[in-house]
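Student: I have a structure I would like to understand better, so I am pasting it below and will then ask my questions one at a time.
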Amino acid sequence: MIETERLTKRYGNLLAVDNLSFSVSQGQVLGFLGPNGAGKSTTMKMLSGFLTPTEGVARICGFDIEKEPVKAKREIGYLPEGAPTYGEMTPTAFLDFIADIRDLRGAQKRRRLDEVISRLHLEPVLLQSIDTLSKGYKRRVGLAQAIIHDPRVLILDEPTDGLDPNQKHEVRSLISEMAADKIIIISTHILEEVHAVCDRAIIIAHGRILADETPAGLEARSPRHNAVTLRLGDTEAAEAGSALESLPGVVSVETHADGGMTVLPADGAELLPAVGRLALERGWDVQELQVESGQLDEVFRQITSADVGQEART
Amino acid sequence: MRNIGIIFRRELAAYFATPVAYVFIVIFLVLAGAFTFYLGNFYERGQADLDPFFGFHPWLYLFLVPAISMRLWAEERKSGSIELLMTLPVTQGQAVVGKFLAAWTFCAIALGLTFPIWITVNYLGQPDNGVILAAYVGSLLMAGAFLAIGACISATTRNQVIAFILTVVICFGFLLSGFPLVLDLFQGWAPLWFTDAIAQLSFMTHFSTLSRGVLDLRAVVYFGLVIGFWLTANAIVLDLRKAD
């Protein structure tokens with residue numbers, strides 16, 4: 001369980017994180033979303049005990065990160081932004097160091113080392129200094145470091161940044177695999193990632209929570225949620241368009257360059273049955289028909305750009 | 001203790017993972033030798049002791065020790081690894097002490113490698129080896145004091161050049177605090193006890209006691225206190241400014 005109460009961080013006059021209160025329980029994968037400079041990293045730095053909050057408290061598995069930092073930090077695996085490591089070390093030496101600090105010993109230490117090395121495919125670079133590794137490998141060394149002690153809490157700041165699509169997929173499935181018995185917090189600005197791994201998303205901007213929902217719940221906020229896109233073969237597009245527009249619950253109809261059109265609903269109403277009936281009645285030649293679930297990035301833009309004029313706040 | 005040991009081993013290995021260690025040791029040995037034989041007139045004096053050797057240590061350390069200490073924390077800040085270190089389950093005190101001990105051990109290795117000069121002086125005559133041992137201890141303690149100052153300064157910045165220069169200046173002040181160069185700054189306006197206290201802080205006077213062969217407890221305690229003070233300050237600086 002992670003709990004924060006009125007977590008606040010001020011840098012001089014700049015309010016980076018403003019009264020953030022939330023809690024995350026075991027089994028949840030929480031995605032932190034927000035524009036650059038929204039306070040995502042600052043929040044994660046406070047949760048991991050790197051930054052001292054100006055006000056408020058954060059508790060990790062019951063340990064106050066300020067009052068019992070070492071106990072709290074034992075429970076956490078943390079991947080800082082940019083995955084910093086000690087560049088002159090080899091991954092072997094580095095992971096060995098982390099395993100020692102994490103109090104892993106003997107056979108258990110060897111087992112965990114072998115496991116993370118094979119899980120993150122680090123075998124080919126084990127004896128090269130980390131400085132000479134590609135961005136993808138560096139990131140994976142950082143991830144290996146974070147999960148080596150099988151922590152109850154994982155805090156990952158942009159875990160897939162700089163990875164190629166295959167590696168991204170790998171890391172996401174790794175996160176999903178570990179999700180069941182852990183608390184995982186990831187920050188990202190890749191929205192498809194939220195869809196792929198998170199079961200809860202918090203959107204923050206200017207240090208405040210603007211939305212806290214499931215990814216599906218966020219998508220439902222989109223004007224395109226439940227919209228129906230269809231393409232008709234030989235039917236007169238203009239005529240079909242006006243017929244569709246007169247259906248109850250329809251706000252407007254967009255026509256696309258390729259001849260397709262999208263019927264937008266009012267308040268996310270279900271349109272598919274009505275559209276289907278209409279097509280049947282009129283005998284349209286429907287070549288394509290699909291219900292949209294809504295675009296996360298659209299919702300993201302809508303939510304974060306509504307929050308304007310906050311720069312002056314101190 | 002275990003955590004200090006783990007950090008100590010990692011840090012010490014880091015010196016030898018890069019050319020830093022070898023460059024430093026070679027330069028230290030070459031300069032120590034050159035000073036002893038050319039500026040110190042080791043042969044011409046015709047005395048079997050290591051005074052000319054140890055006499056230059058404060059000046060060697062003034063420039064070489066800050067070169068070791070400057071990277072201790074500034075590099076961690078620069079690369080961001082400080083965020084990793086400070087979120088591992090170690091206390092700031094453990095990290096500070098582990099890093100300091102690694103740097104100090106590294107200095108001890110460099111100092112230990114000057115042993116040929118001890119062999120030379122024993123070959124040429126009958127020196128008082130007790131005096132030489134005391135001087136080595138004094139030299140190492142002084143290096144530790146320089147390092148502790150450097151470690152604290154290094155924690156205040158992410159720029160190694162700034163850390164180096166500030167450390168040199170502060171160490172220079174401590175070296176010469178018993179001399180007019182520093183004392184004149186205080187004479188005239190500061191109370192006499194204060195000027196006297198400043199004069200007592202001089203590394204030079206305490207080191208020269210030890211290098212004359214007097215293993216004076218006061219000098220040992222003095223260097224111990226200096227190291228303790230600056231390492232405490234180091235931990236406080238880290239606590240105040242974890243991020244940059």
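Student: Mind checking which residues of segment B:13-53 are within 14 Å of chain A (Cβ to nearest Cβ) and surrounded by fewer than 20 Cβ atoms within 10 Å (Cβ to Cβ)? Lay out the reasoning, then the answer.
Tutor: Keep residues of segment B:13-53 that are within 14 Å of chain A (Cβ to nearest Cβ), which gives B:13-22.
B:13, B:16, B:17, B:18, B:19, B:20, B:21, B:22, listed by residue number.
Student: For residue B:76, all conditions in the list (1) within 14 Å of chain A (Cβ to nearest Cβ); (2) surrounded by fewer than 23 Cβ atoms within 10 Å (Cβ to Cβ) hold save one; what is the number of the exception?
Tutor: Evaluating residue B:76 over (1) within 14 Å of chain A (Cβ to nearest Cβ); (2) surrounded by fewer than 23 Cβ atoms within 10 Å (Cβ to Cβ) leaves (2) as the failure.
Residues are listed down the side, and each one gets a yes or a no for (1) buried (at least 19 other Cβ atoms within 10 Å of the Cβ); (2) modelled with pLDDT under 95; (3) acidic (Asp, Glu); (4) over 19 Å from residue B:7 (Cβ atoms):
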site	(1), (2), (3), (4)
A:82	no, yes, no, yes
A:89	yes, yes, no, no
A:95	yes, no, no, no
A:106	no, yes, no, yes
A:127	no, yes, no, yes
A:140	yes, yes, no, yes
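Student: Another one. What are the residue pairs meeting all of these: first residue in segment A:95-120, first residue within 14 Å of chain B (Cβ to nearest Cβ), second residue small (Gly, Ala, Ser) and part of a helix (DSSP H, G or I), Cβ atoms under 7 Å, and 6 or more apart or on different chains?
Tutor: Between residues of segment A:95-120 that are within 14 Å of chain B (Cβ to nearest Cβ) and residues that are small (Gly, Ala, Ser) and part of a helix (DSSP H, G or I), the close pairs are A:95/A:144; A:109/A:99.
Student: Hey, residue A:219 hits all of (1) under 30 Å from residue A:62 (Cβ atoms); (2) touching a His at 6+ places or on another chain (Cβ under 8 Å); (3) not polar (S, T, N, Q) but one; which does it fall short on?
Tutor: Of the numbered conditions (1) under 30 Å from residue A:62 (Cβ atoms); (2) touching a His at 6+ places or on another chain (Cβ under 8 Å); (3) not polar (S, T, N, Q), the odd one out for residue A:219 is (1).
Student: Also: If the requirement is being surrounded by fewer than 19 Cβ atoms within 10 Å (Cβ to Cβ), more than 14 Å from chain B (Cβ to nearest Cβ) and not in a strand (DSSP E or B), which of these qualifies: A:211, A:179? Lay out the reasoning, then the answer.
Tutor: Numbers: A:211 fails: not in a strand (DSSP E or B).
Going through A:211, A:179 in turn, just one is surrounded by fewer than 19 Cβ atoms within 10 Å (Cβ to Cβ), more than 14 Å from chain B (Cβ to nearest Cβ) and not in a strand (DSSP E or B): A:179.
Student: In addition: With the condition kept exactly as written, say whether any residue in segment B:172-188 is modelled with pLDDT of 90 or more, in a helix (DSSP H, G or I) and hydrophobic (A, V, I, L, M, F, W, C).
Tutor: Looking through segment B:172-188, at least one residue is modelled with pLDDT of 90 or more, in a helix (DSSP H, G or I) and hydrophobic (A, V, I, L, M, F, W, C).
Student: In addition: Out of all the residues in segment A:32-48, which are in contact with a helix residue (DSSP H, G or I) (Cβ under 6 Å, 6 or more places away or on another chain) and surrounded by fewer than 24 Cβ atoms within 10 Å (Cβ to Cβ)?
Tutor: Passing the criteria: only A:35.
Student: Can you give me the ranges of the helices (runs of 4 or more DSSP H) entirely in segment B:44-134 with at least 3 residues that are more than 12 Å from the chain's Cα centre (by Cα) and touching a residue at least 12 places away in the same chain (Cβ under 8 Å)?
Tutor: Output list reads B:51-55, B:71-79, B:81-87, B:92-112, B:115-124.
Student: Kindly evaluate residue B:99 against the criterion of being within 14 Å of chain A (Cβ to nearest Cβ) and touching an Asp or Glu at 6+ places or on another chain (Cβ under 6 Å).
Tutor: Yes, satisfied.
Student: Exactly one of these conditions fails for residue A:52: (1) more than 13 Å from chain B (Cβ to nearest Cβ); (2) polar (S, T, N, Q); (3) in contact with a helix residue (DSSP H, G or I) (Cβ under 8 Å, 6 or more places away or on another chain). Give me its number.
Tutor: (1)
Student: Could you tell me whether residue A:22 is hydrophobic (A, V, I, L, M, F, W, C) and either closer than 27 Å to residue A:120 by Cβ or without any contact (Cβ under 8 Å) to a residue 24 or more places away in the chain (or both)?
Tutor: No: the conditions fail for residue A:22.
Student: Let me ask something else. Somewhere in segment A:184-201, is a residue surrounded by fewer than 18 Cβ atoms within 10 Å (Cβ to Cβ), among the polar types (S, T, N, Q) and not in a loop (DSSP other than H, G, I, E, B)?
Tutor: Scanning segment A:184-201 turns up no residue that is surrounded by fewer than 18 Cβ atoms within 10 Å (Cβ to Cβ), among the polar types (S, T, N, Q) and not in a loop (DSSP other than H, G, I, E, B).
Student: Let me ask something else. Scan segment A:148-158 and give yes if some residue there is within 18 Å of the chain's Cα centre (by Cα) and in a loop (DSSP other than H, G, I, E, B), otherwise no.
Tutor: Here is the first cut: in segment A:148-158, the ones within 18 Å of the chain's Cα centre (by Cα) are A:153-158.
Of the ones still in play, those that are also in a loop (DSSP other than H, G, I, E, B) are A:158.
Checked against the condition, which is being within 18 Å of the chain's Cα centre (by Cα) and in a loop (DSSP other than H, G, I, E, B), segment A:148-158 yields at least one hit.
Student: Which ones in segment A:62-88 are in a loop (DSSP other than H, G, I, E, B) and within 7 Å of chain B (Cβ to nearest Cβ)?
Tutor: Passing the criteria: A:80, A:82, A:84, A:85, A:86, A:87, A:88.
Student: Okay, next question. Do you know which residues across segment B:208-244 are at pLDDT below 85 and touching a helix residue (DSSP H, G or I) at 6+ places or on another chain (Cβ under 8 Å)?
Tutor: Matches in segment B:208-244: B:209, B:210, B:211, B:212, B:213, B:214, B:215, B:216, B:241, B:242, B:243, B:244.
The values are calculated or read from the model by the stated rules, or taken from the named source; none is laboratory data. Not measured: the values here are computed from a predicted model. Because the Cβ atoms are built from the backbone with ideal geometry, glycine has one as well, and the counts that use them run over all protein chains shown.
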